[in-house]
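S.K.: Pasting a structure here, questions to come.
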C-alpha cells in the first residue's frame, strides 16, 4: 500500500523557473512601455508590493474572476511604479499587458532538469498528481507552455481558487476535488510559509524544496531538488 494517495506541487521555482530571469523579463516589459528603472530598485519595489499582498493571504478569501485577477496585477504595478517614482496612471494597464506578454513568451518558463523524469516516475508508480500554486488566471496556459499538463490530474491557481496559499481552502479544494483525505496527501514547494505551513495546516504532509541550500527550518523535511521525491513519498 502506498503511503500517500496524492502528491501535489507548487509551480514557480519548484517545477519551473524563468529565463533569462524574472527581473530581466520584468525589465523588458518596463522597457516596452518606455520606462527604464534601475534593476535592483525594481526588484526591491516589486518584492515589497507582493510582500504586502502576501501578508494578508492567510486570512483572505475573494470571489475569483479574470477581472479581479487583472485588478490585482494593476494594483501591484501601481504600487511598484509609485515606489520607483515612475507612476503614470496611463501606463498601468499597458505595463501589465507587457508583463503578461514577457512572461508568456516562448521559452520564458522552463522546467528544472529533473522535473519530467520525476513526474514520469511518480506516474509510473500510480500516483495522482496536482499543482497548487499562487498564480494568476493563466496558470494552466503556462503549465501547458512548459509541457506539464499531461502529468497532472488537477492544476489549481490561487486566482481561480479564491484564496492564496497558505490559506487552507486552496488545499482543501484540491483534496476534495480528487477525493483524498489530507493525511494521505503530501505537498512539495519552495516556500516554507505558503507550502509547508499551508499544507500542514490542513493535515497534509509536506516537503520543503530548498534549492539554494539556505536552511533555517529544522522542523521541515528538506530536499535540495526533486530527484528524491519518489523515495520520500514511499517512506524511504
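S.K.: Does residue 57 meet the test of being outside the structural domain of residue 195 (by TED's automatic domain parsing), under 19 Å from residue 170 (Cβ atoms) and crowded, with 17+ Cβ neighbours inside 10 Å?
M.R.: Values: outside the structural domain of residue 195 (by TED's automatic domain parsing): yes; under 19 Å from residue 170 (Cβ atoms): yes; crowded, with 17+ Cβ neighbours inside 10 Å: yes.
Judged against the criteria, residue 57 is a match.
S.K.: Just name the residue that is modelled with the highest pLDDT out of those in region 106-120 that are assigned to a loop (DSSP other than H, G, I, E, B) and touching a helix residue (DSSP H, G or I) at 6+ places or on another chain (Cβ under 8 Å).
M.R.: Filtering region 106-120 down to residues assigned to a loop (DSSP other than H, G, I, E, B) leaves 106-108, 112-114.
This time we only want the ones that are touching a helix residue (DSSP H, G or I) at 6+ places or on another chain (Cβ under 8 Å), so: 106, 108.
Values: 106: 94, 108: 97.
Per the stated criteria, the residue is 108.
S.K.: What are the residue pairs meeting all of these: first residue in region 116-136, first residue at positive phi, second residue at pLDDT below 95, Cβ atoms under 9 Å, and 6 or more apart or on different chains?
M.R.: The qualifying pairs are 126/2.
S.K.: Could you look through region 136-152, keep only residues that are part of a loop (DSSP other than H, G, I, E, B) and out of contact with any helix residue (DSSP H, G or I) (no Cβ under 6 Å at 6 or more places or on another chain), and pick out the one that is nearest to residue 198 (Cα to Cα)?
M.R.: Of region 136-152, the ones part of a loop (DSSP other than H, G, I, E, B) are 136-138, 146-148, 152.
Narrowing further to those that are out of contact with any helix residue (DSSP H, G or I) (no Cβ under 6 Å at 6 or more places or on another chain): 138, 146-148, 152.
Working: 138: 22, 146: 25, 147: 27, 148: 23, 152: 21 Å.
Among residues in region 136-152 that are part of a loop (DSSP other than H, G, I, E, B) and out of contact with any helix residue (DSSP H, G or I) (no Cβ under 6 Å at 6 or more places or on another chain), the one nearest to residue 198 (Cα to Cα) is 152.
S.K.: Is at least one residue of region 61-80 touching a residue at least 12 places away in the same chain (Cβ under 8 Å), loosely packed, with under 14 Cβ neighbours inside 10 Å and touching a strand residue (DSSP E or B) at 6+ places or on another chain (Cβ under 8 Å)?
M.R.: no
S.K.: Of all residues in region 92-147, which are buried (at least 18 other Cβ atoms within 10 Å of the Cβ), more than 22 Å from residue 79 (Cβ to Cβ) and out of contact with any strand residue (DSSP E or B) (no Cβ under 7 Å at 6 or more places or on another chain)?
M.R.: 115, 118, listed by residue number.
S.K.: Which of the helices (runs of 4 or more DSSP H) found entirely inside region 154-236 contain at least 2 residues meeting this: within 20 Å of residue 62 (Cα to Cα)?
M.R.: 158-161, 168-178
S.K.: Let me ask something additional. Closer than 12 Å to residue 10 by Cβ, over 15 Å from the mean Cα position of the chain (by Cα) and not assigned by TED's automatic domain parsing to the domain that holds residue 67: does that describe residue 124?
M.R.: No, not satisfied.
S.K.: Assuming residue 173 fulfils every condition listed in (1) within 17 Å of residue 131 (Cβ to Cβ); (2) touching a strand residue (DSSP E or B) at 6+ places or on another chain (Cβ under 6 Å) apart from one, which condition is it?
M.R.: (2)
S.K.: Counting just the residues of region 191-208 that are crowded, with 19+ Cβ neighbours inside 10 Å and free of Cβ contacts under 8 Å to residues at least 24 places away in the same chain, which one comes out farthest from residue 172 (Cα to Cα)?
M.R.: Applying the filter and picking the extreme gives 208.
The values are calculated or read from the model by the stated rules, or taken from the named source; none is laboratory data. Quick caveat, the model's predicted, so the values are computed rather than measured. Reconstructed Cβ throughout: ideal geometry from the backbone, glycine too, with neighbour counts over all protein chains shown.
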